[in-house]
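Below is one structure, written out as structure tokens; the observations come after it.
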Amino acid sequence: MKPSLCAVLPTLLMLAAPAFSAEQADLIIRQATVVDVEHASTQANQSVVVRGADIVAVGADKAIARQWRAPRQVDAKGRYLIPGLWDMHVHFGGGPELIEENKALLPLYIAHGITTIRDASGDLPTQVLQWRGQIHDGSLMGPQLFTSGAKIEGVKPVWKGTIEVGNQADLDAAFVRLKEDKVDFVKITDSTLTPDLFLAAVRGARANGLRASGHIPMALTVQQAVDAGISSIEHLDYAYKAGVKNEAAIAAAFADKRIDRAEANRQLDAGFDRDTAMAAYRGFAAKGVYVTPTLNGGRILDFLDQDDHANDPYLAYIGPKLQATYAWRVERAAKATPVQIEARHREYHQVAAVLPMLQQAGVTIMAGTDAGFLNSFNYPGIGLHDELSLFVKEGLTPAQALSAATRAGPSWFGMLDRYGGIAVGKAADMVLLDANPLQDINATRRIDTVLLRGQVYDRKALDGLLEQTRAKVAAWQAEGEG
């Protein structure tokens, strides 16, 4: 007996209907707790879909599982997903013979969840510009790299690898070179650069569409640099200086050579005033001036009498020639008298106390380490986590510290549309943690997986990066001993 048309129709209709087709991606991170750094909140049981270097979907795990397919999935249940970390003040240098030792530092950043670094100039500017391009095109493994190229300085400065500027014509030529190099910002230091040329350089950077950061000359007030258009103040002691009630008089006396640098510093140390400071910091916030404290570097040097770092396990990742560049600061610190050592300790705490004041005034604080050559025991990679721990110790909340390392950098570069969050359209630069960093900032050290430009580095791969650098360092040390 033949089946009736009514009986077979549902089957025919099912065969004719198109099957549901899930969208294809490269990777799905399943069941993570996503950390919303901007709002200091978390959302559990979220899945994040990655295609290429982009986040293309974020949502509840069940919904994502229905809509998406990918050849690779990361089980993130019980873990916390944050945007990639940014170290906004690093250095590469020590001369051409240290190029390979500097290059070996790049994997250390990835291994510690740092997906972007801002090079604040050393003495290898051409090499660093080359690395920037190679990282961008995928021929060199490393974090996204922004660089100032060669710094602007005066004639015959202490620092090598600089563009020497003695007059306006030199400064104009400097900006021609920097624009040809397509630098990401401008770094200005004050070893021999005159105060007038410093201000002209800051104004020139802005006129050329570039952000300026730098070391503010003693003969100027911090407010003069702010008024000229400086975009970021590097090192917290300059922010402290802005809070000194008679800063202008001290700067003028130093400029006229009525007092030397030691006496100027003595007066600055004694002249801090909270009301003056808060007024200055509110001015920073109003003008969009960011501050990169680099607390950890100062702490290390100021307390070398308590910890000489000779047995730091992390030295296994630092090349022997780079380690040798630490010596001059160590030797200088070792010559201090007990009175000078006590003063160092006191001054560190005085300056560090400024940090929560900046936060209260609305200043954007950027996490940066000052890690690299010369800066003794201030280690690329792990140093950023040390910096964040200090931020919390000195008065920031874990959420504020985390924002300083994930959102402040993208904000400074005008790139928050692409970085600093986990959302559709953002870069697939993320870090999967074993604990909640909003509760304990030290959770940033407990890294399970790093995603950089959509590429997955699980714990085994991250350990491999560390071992890769350790092996190179061991080989260089053996060469030196042979």
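The values are calculated or read from the model by the stated rules, or taken from the named source; none is laboratory data. All values reported here derive from a predicted model rather than from experimental measurement. As a convention, Cβ positions derive from the backbone with ideal geometry for all residues, glycine included, and neighbour counts pool all protein chains shown. All accessible areas refer to the heavy atoms of the entire protein, side chains included, with ligands and DNA or RNA removed. Shrake-Rupley method; radii C 1.70, N 1.55, O 1.52, S 1.80 Å.
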(message) So, restricting to helices (runs of 4 or more DSSP H) that lie completely within the stretch 222-283, which ones have at least 3 residues that are among the aliphatic types (A, V, I, L, M) and touching a helix residue (DSSP H, G or I) at 6+ places or on another chain (Cβ under 8 Å)?
(response) 222-228, 236-242, 247-255
(request) Restricting attention to the stretch 387-406, report how many residues are touching a Leu at 6+ places or on another chain (Cβ under 7 Å) and either open to solvent by 20 Å² or more (accessible area, probe 1.4 Å) or more than 17 Å from residue 291 (Cα to Cα) (or both). (result) 4
(message) Any residue that is of a type in the set (A, V, I, L, M), closer than 24 Å to residue 420 by Cβ and outside any strand (DSSP E or B) - is there at least one of those in the stretch 444-453?
(response) no
(request) Go through (1) open to solvent by less than 40 Å² (accessible area, probe 1.4 Å); (2) over 15 Å from the mean Cα position of the chain (by Cα); (3) under 30 Å from residue 433 (Cβ atoms) one by one and return the number of the condition residue 359 breaks. (result) (1)
(message) What's the number of the only condition in (1) assigned to a loop (DSSP other than H, G, I, E, B); (2) open to solvent by 30 Å² or more (accessible area, probe 1.4 Å); (3) in contact (Cβ under 8 Å) with a residue 12 or more places away in the chain that residue 416 fails to meet?
(response) (3)
(message) Give me the residue from the stretch 327-349 that is in contact with a helix residue (DSSP H, G or I) (Cβ under 7 Å, 6 or more places away or on another chain) and open to solvent by 30 Å² or more (accessible area, probe 1.4 Å) and, out of that set, modelled with the lowest pLDDT.
(response) 329
(request) Of the conditions (1) touching a Pro at 6+ places or on another chain (Cβ under 9 Å); (2) open to solvent by 20 Å² or more (accessible area, probe 1.4 Å); (3) not aliphatic (A, V, I, L, M), residue 421 clears all except one; give me its number. (result) (2)
(message) Could you go through the stretch 374-386 and let me know if any residue there is open to solvent by 10 Å² or more (accessible area, probe 1.4 Å), within 23 Å of residue 275 (Cα to Cα) and assigned to a helix (DSSP H, G or I).
(response) no
(request) For residues that are touching a residue at least 60 places away in the same chain (Cβ under 8 Å) and on the phi > 0 side of the Ramachandran plot, tally how many sit in the stretch 234-287. (result) 1
(request) Identify all residues within the stretch 419-443 that are outside any loop (DSSP other than H, G, I, E, B), within 22 Å of residue 57 (Cα to Cα) and touching an Asp or Glu at 6+ places or on another chain (Cβ under 9 Å); write none if there are none. (result) 427, 431, 432, 433
